[in-house]
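Have a look at the structure below, then the notes.
The values are calculated or read from the model by the stated rules, or taken from the named source; none is laboratory data. Small disclaimer: the values here were computed from a predicted structure and weren't measured. Using ideal geometry, Cβ is built from the backbone for each residue, glycine included, and neighbour counts are taken over all protein chains shown. Side chains included, ligands, DNA and RNA excluded: accessible areas come from the protein's heavy atoms. Shrake-Rupley method; radii C 1.70, N 1.55, O 1.52, S 1.80 Å.
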Amino acid sequence: MNTRKAAGHVLLAVAVIALSTPPPVSAKPKHGRRVLERPLTYRLYATREGLVGGTTSSGHRITERDHFAALPSTKTVSSKGRGTFTVKVCRTDGARCEYAPVWDVGPWNEHDDYWNTAERRAQFGSLPQGVPEAQAAYQDGFNGGKDEHGRTVRNPAGLDLADGTFWDGLGLKGSSYVDVTFLWTGTAAATGVVTGGAPLVVRTSADNDAPAAGLAADSAQVPIECSVRGEAVDGTTRWNRIGPGHYVSEAYLRADSPVPSC
(Lines give C-alpha, C1' and ligand atoms only; values in the text may rest on other atoms or scores of the structure.)
Protein backbone atom coordinates (compact mmCIF):
# COMPACT_ATOMS: atom_id res chain seq x y z
CA MET A 1 0.00 0.00 0.00
CA ASN A 2 1.06 3.58 -0.51
CA THR A 3 2.46 3.94 3.00
CA ARG A 4 5.51 1.94 2.01
CA LYS A 5 5.65 1.88 -1.78
CA ALA A 6 8.71 3.62 -3.24
CA ALA A 7 8.99 5.28 -6.65
CA GLY A 8 10.29 2.45 -8.64
CA HIS A 9 35.06 10.32 -5.46
CA VAL A 10 42.02 22.26 -5.15
CA LEU A 11 40.93 24.33 -2.38
CA LEU A 12 43.38 25.86 0.06
CA ALA A 13 41.68 24.71 3.25
CA VAL A 14 39.30 22.09 4.53
CA ALA A 15 35.96 23.36 5.74
CA VAL A 16 34.15 21.44 8.46
CA ILE A 17 30.41 21.94 8.51
CA ALA A 18 28.93 20.51 11.68
CA LEU A 19 25.18 20.90 11.45
CA SER A 20 24.50 19.95 15.03
CA THR A 21 26.50 20.11 18.23
CA PRO A 22 25.28 17.44 20.63
CA PRO A 23 24.57 18.73 24.13
CA PRO A 24 25.95 16.65 27.00
CA VAL A 25 23.74 13.99 28.52
CA SER A 26 22.69 15.05 31.97
CA ALA A 27 24.09 12.86 34.74
CA LYS A 28 20.90 13.58 36.68
CA PRO A 29 17.37 13.51 35.29
CA LYS A 30 15.88 16.94 34.71
CA HIS A 31 12.30 17.15 35.93
CA GLY A 32 12.22 13.36 36.02
CA ARG A 33 13.42 12.93 32.42
CA ARG A 34 16.89 12.16 31.07
CA VAL A 35 18.29 14.78 28.71
CA LEU A 36 18.96 13.10 25.36
CA GLU A 37 22.06 13.63 23.27
CA ARG A 38 21.46 14.52 19.64
CA PRO A 39 23.31 12.48 17.02
CA LEU A 40 26.15 14.05 15.05
CA THR A 41 25.35 15.61 11.66
CA TYR A 42 27.85 16.71 9.00
CA ARG A 43 27.58 18.01 5.44
CA LEU A 44 29.42 15.53 3.22
CA TYR A 45 29.94 14.73 -0.44
CA ALA A 46 28.02 11.64 -1.56
CA THR A 47 28.60 9.45 -4.60
CA ARG A 48 26.45 6.65 -6.05
CA GLU A 49 27.69 3.11 -5.44
CA GLY A 50 25.94 1.13 -8.18
CA LEU A 51 27.59 -2.34 -8.39
CA VAL A 52 24.25 -4.11 -8.91
CA GLY A 53 24.73 -7.85 -8.54
CA GLY A 54 27.76 -7.46 -6.29
CA THR A 55 27.95 -8.27 -2.61
CA THR A 56 28.44 -5.71 0.15
CA SER A 57 30.74 -6.07 3.16
CA SER A 58 27.74 -7.19 5.20
CA GLY A 59 26.99 -10.04 2.76
CA HIS A 60 24.01 -8.30 1.16
CA ARG A 61 23.59 -8.92 -2.57
CA ILE A 62 22.99 -5.58 -4.30
CA THR A 63 19.76 -5.32 -6.28
CA GLU A 64 18.50 -2.72 -8.72
CA ARG A 65 17.52 0.53 -7.01
CA ASP A 66 18.72 -0.82 -3.67
CA HIS A 67 18.56 1.10 -0.39
CA PHE A 68 21.63 1.30 1.87
CA ALA A 69 24.73 3.42 2.52
CA ALA A 70 28.49 2.80 2.68
CA LEU A 71 30.92 4.51 5.06
CA PRO A 72 34.76 4.28 4.87
CA SER A 73 35.19 2.26 8.05
CA THR A 74 34.94 -1.43 8.86
CA LYS A 75 33.77 -0.43 12.36
CA THR A 76 30.30 0.57 11.23
CA VAL A 77 28.99 -2.17 8.94
CA SER A 78 25.67 -3.52 10.14
CA SER A 79 25.16 -7.28 10.08
CA LYS A 80 23.36 -8.64 7.03
CA GLY A 81 19.72 -7.61 7.08
CA ARG A 82 20.09 -5.38 10.14
CA GLY A 83 20.46 -1.66 10.75
CA THR A 84 22.53 -1.33 13.91
CA PHE A 85 24.40 1.44 12.10
CA THR A 86 21.94 3.66 10.23
CA VAL A 87 22.38 7.11 8.71
CA LYS A 88 19.79 9.74 7.93
CA VAL A 89 20.82 11.35 4.64
CA CYS A 90 19.08 14.54 3.52
CA ARG A 91 19.35 16.90 0.57
CA THR A 92 20.89 20.19 1.64
CA ASP A 93 17.59 21.93 0.91
CA GLY A 94 15.85 19.53 3.31
CA ALA A 95 13.30 18.53 0.70
CA ARG A 96 14.00 14.79 0.84
CA CYS A 97 15.66 12.43 3.31
CA GLU A 98 16.29 8.72 3.61
CA TYR A 99 17.03 6.60 6.66
CA ALA A 100 19.40 3.91 5.35
CA PRO A 101 21.34 1.06 7.00
CA VAL A 102 25.13 0.98 6.55
CA TRP A 103 25.84 -2.27 4.69
CA ASP A 104 29.13 -1.57 2.91
CA VAL A 105 32.60 -0.02 3.32
CA GLY A 106 33.72 2.92 1.19
CA PRO A 107 34.37 5.12 -0.63
CA TRP A 108 38.18 5.38 -0.87
CA ASN A 109 39.18 4.30 2.64
CA GLU A 110 38.39 1.42 4.97
CA HIS A 111 39.61 2.77 8.35
CA ASP A 112 38.40 6.36 8.37
CA ASP A 113 35.73 6.71 11.05
CA TYR A 114 35.83 10.48 10.68
CA TRP A 115 32.72 11.08 12.80
CA ASN A 116 34.69 10.01 15.89
CA THR A 117 36.98 12.23 17.96
CA ALA A 118 40.75 12.11 17.38
CA GLU A 119 41.19 9.82 20.40
CA ARG A 120 38.79 7.25 18.95
CA ARG A 121 39.49 7.67 15.24
CA ALA A 122 41.26 4.61 13.79
CA GLN A 123 43.40 6.67 11.37
CA PHE A 124 43.97 10.31 10.39
CA GLY A 125 43.46 11.64 13.90
CA SER A 126 45.18 14.91 12.95
CA LEU A 127 42.12 15.87 10.89
CA PRO A 128 39.17 17.72 12.46
CA GLN A 129 36.27 15.57 13.56
CA GLY A 130 33.76 15.29 10.74
CA VAL A 131 36.28 15.67 7.91
CA PRO A 132 36.73 12.53 5.77
CA GLU A 133 40.32 11.79 4.76
CA ALA A 134 39.22 11.75 1.12
CA GLN A 135 37.85 15.27 1.44
CA ALA A 136 41.08 16.54 3.01
CA ALA A 137 43.19 14.73 0.41
CA TYR A 138 41.16 16.12 -2.49
CA GLN A 139 40.69 19.65 -1.26
CA ASP A 140 43.91 20.29 0.67
CA GLY A 141 46.44 17.69 -0.50
CA PHE A 142 46.39 15.85 2.83
CA ASN A 143 48.45 12.63 2.71
CA GLY A 144 49.87 13.73 -0.62
CA GLY A 145 46.38 13.72 -2.10
CA LYS A 146 46.11 9.95 -1.70
CA ASP A 147 43.89 7.57 0.23
CA GLU A 148 45.09 4.91 2.69
CA HIS A 149 45.80 2.56 -0.23
CA GLY A 150 48.00 5.08 -2.05
CA ARG A 151 45.45 5.89 -4.75
CA THR A 152 45.04 9.47 -5.94
CA VAL A 153 41.73 10.75 -4.55
CA ARG A 154 39.54 12.00 -7.40
CA ASN A 155 36.64 13.42 -5.37
CA PRO A 156 35.94 14.38 -1.73
CA ALA A 157 33.34 11.67 -1.09
CA GLY A 158 32.66 10.72 2.53
CA LEU A 159 29.97 8.13 1.77
CA ASP A 160 28.41 6.10 -1.01
CA LEU A 161 24.68 5.66 -1.54
CA ALA A 162 22.94 2.73 -3.19
CA ASP A 163 21.01 3.52 -6.37
CA GLY A 164 17.57 3.56 -4.77
CA THR A 165 18.70 5.81 -1.93
CA PHE A 166 20.46 8.12 -4.40
CA TRP A 167 17.71 8.36 -7.03
CA ASP A 168 14.45 7.54 -5.25
CA GLY A 169 15.11 8.47 -1.65
CA LEU A 170 16.84 11.81 -2.30
CA GLY A 171 16.05 12.47 -5.96
CA LEU A 172 19.69 13.18 -6.78
CA LYS A 173 20.85 13.41 -10.40
CA GLY A 174 24.59 13.35 -9.71
CA SER A 175 27.17 13.34 -6.93
CA SER A 176 26.27 15.99 -4.39
CA TYR A 177 26.78 17.37 -0.90
CA VAL A 178 24.20 16.02 1.55
CA ASP A 179 23.52 16.35 5.26
CA VAL A 180 24.32 13.09 7.04
CA THR A 181 23.20 12.23 10.57
CA PHE A 182 24.97 9.30 12.26
CA LEU A 183 21.97 8.07 14.18
CA TRP A 184 23.83 5.64 16.48
CA THR A 185 25.78 8.55 18.01
CA GLY A 186 22.60 9.85 19.66
CA THR A 187 20.77 8.44 22.64
CA ALA A 188 17.14 8.43 21.49
CA ALA A 189 15.41 5.07 21.54
CA ALA A 190 15.50 3.44 18.10
CA THR A 191 13.50 0.71 16.41
CA GLY A 192 13.75 -1.26 13.19
CA VAL A 193 11.74 -0.70 10.02
CA VAL A 194 10.08 -3.90 8.86
CA THR A 195 8.48 -3.92 5.38
CA GLY A 196 9.73 -7.15 3.86
CA GLY A 197 11.74 -5.36 1.20
CA ALA A 198 10.28 -2.13 -0.15
CA PRO A 199 11.28 1.11 1.60
CA LEU A 200 8.74 2.83 3.80
CA VAL A 201 7.48 6.21 2.66
CA VAL A 202 8.06 8.89 5.31
CA ARG A 203 5.17 11.37 5.47
CA THR A 204 4.98 14.96 6.69
CA SER A 205 2.02 14.05 8.91
CA ALA A 206 0.16 10.96 10.12
CA ASP A 207 -1.81 10.47 6.91
CA ASN A 208 -1.24 8.28 3.86
CA ASP A 209 -2.15 11.23 1.66
CA ALA A 210 0.30 13.63 3.32
CA PRO A 211 3.25 14.72 1.13
CA ALA A 212 6.22 12.37 1.12
CA ALA A 213 9.29 13.61 3.01
CA GLY A 214 11.48 10.72 1.84
CA LEU A 215 12.01 7.05 2.63
CA ALA A 216 13.07 4.73 5.43
CA ALA A 217 14.76 1.59 4.12
CA ASP A 218 13.76 -1.85 5.31
CA SER A 219 15.92 -2.81 8.35
CA ALA A 220 16.94 0.80 9.08
CA GLN A 221 17.05 1.66 12.79
CA VAL A 222 15.10 4.89 13.18
CA PRO A 223 14.82 7.09 16.29
CA ILE A 224 11.39 7.26 17.90
CA GLU A 225 10.56 10.72 19.26
CA CYS A 226 6.87 10.27 20.06
CA SER A 227 3.58 9.00 18.64
CA VAL A 228 0.33 10.48 17.37
CA ARG A 229 -3.02 9.15 16.21
CA GLY A 230 -3.61 9.21 12.48
CA GLU A 231 -5.01 7.32 9.52
CA ALA A 232 -5.38 3.58 10.10
CA VAL A 233 -2.79 1.32 8.46
CA ASP A 234 -3.11 -2.44 8.78
CA GLY A 235 -5.29 -2.09 11.85
CA THR A 236 -3.32 0.52 13.77
CA THR A 237 -3.95 4.26 13.94
CA ARG A 238 -0.67 5.00 15.73
CA TRP A 239 2.08 6.83 13.80
CA ASN A 240 5.54 7.59 15.14
CA ARG A 241 7.55 10.78 14.61
CA ILE A 242 11.12 9.82 13.69
CA GLY A 243 12.38 13.33 12.97
CA PRO A 244 11.07 16.89 12.54
CA GLY A 245 8.13 16.60 10.16
CA HIS A 246 8.84 12.89 9.58
CA TYR A 247 6.08 10.38 10.38
CA VAL A 248 5.74 6.65 9.70
CA SER A 249 3.01 4.19 10.58
CA GLU A 250 3.73 2.00 13.58
CA ALA A 251 2.46 -0.93 11.50
CA TYR A 252 5.93 -1.15 9.91
CA LEU A 253 8.08 -0.63 12.98
CA ARG A 254 9.52 -3.20 15.38
CA ALA A 255 8.86 -1.24 18.58
CA ASP A 256 10.62 -2.66 21.65
CA SER A 257 9.20 -0.30 24.27
CA PRO A 258 6.22 2.02 24.81
CA VAL A 259 6.32 5.29 22.89
CA PRO A 260 5.18 8.53 24.58
CA SER A 261 2.59 10.72 22.93
CA CYS A 262 3.73 13.85 21.10
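Observations, loosely collected:
- Of the residues 205, 162, 177, the one whose Cα sits farthest toward the positive end of the charge dipole of the chain, with +1 on the Cβ of Lys and Arg and -1 on the Cβ of Asp and Glu, is 205.
- Computed from backbone phi with θ = phi - 60° and the Karplus coefficients 6.51, -1.76 and 1.60, the 3J(HN,Hα) list for segment 86-94 is 10, 10, 9, 10, 10, 4, 5, 8, x Hz; x is used for glycine and proline.
- Per-residue accessible area (protein heavy atoms, 1.4 Å probe) orders 173, 146, 88, 80 as 173, 80, 146, 88, starting from the largest.
- Counting only protein heavy atoms and a probe of 1.4 Å, the accessible surface of the chain is 50% carbon and sulfur.
- Evaluated over the chain, the count of Lys pairs having alpha-carbon atoms less than 24 Å apart is 7 (only pairs 8 or more residues apart or interchain).
- Residues whose placed amide H lies under 5 Å from that of residue 191, excluding near-sequence neighbours: 222, 224
- Charge tally for residue 59 (other residues, Cβ to Cβ under 15 Å; Lys, Arg +1; Asp, Glu -1): +1.
- From the Kirkwood radius over Cα pairs of segment 77-168, Stokes-Einstein at 37 °C and 0.692 mPa s returns a whole-number translational diffusion coefficient of 230 µm²/s.
- Counting only the Cα atoms, segment 141-262 fills a convex hull of 142 Å³ per residue.
- Solvent-accessible surface of the chain, averaged per residue with a 1.4 angstrom probe and all protein chains in place: 46 square angstrom.
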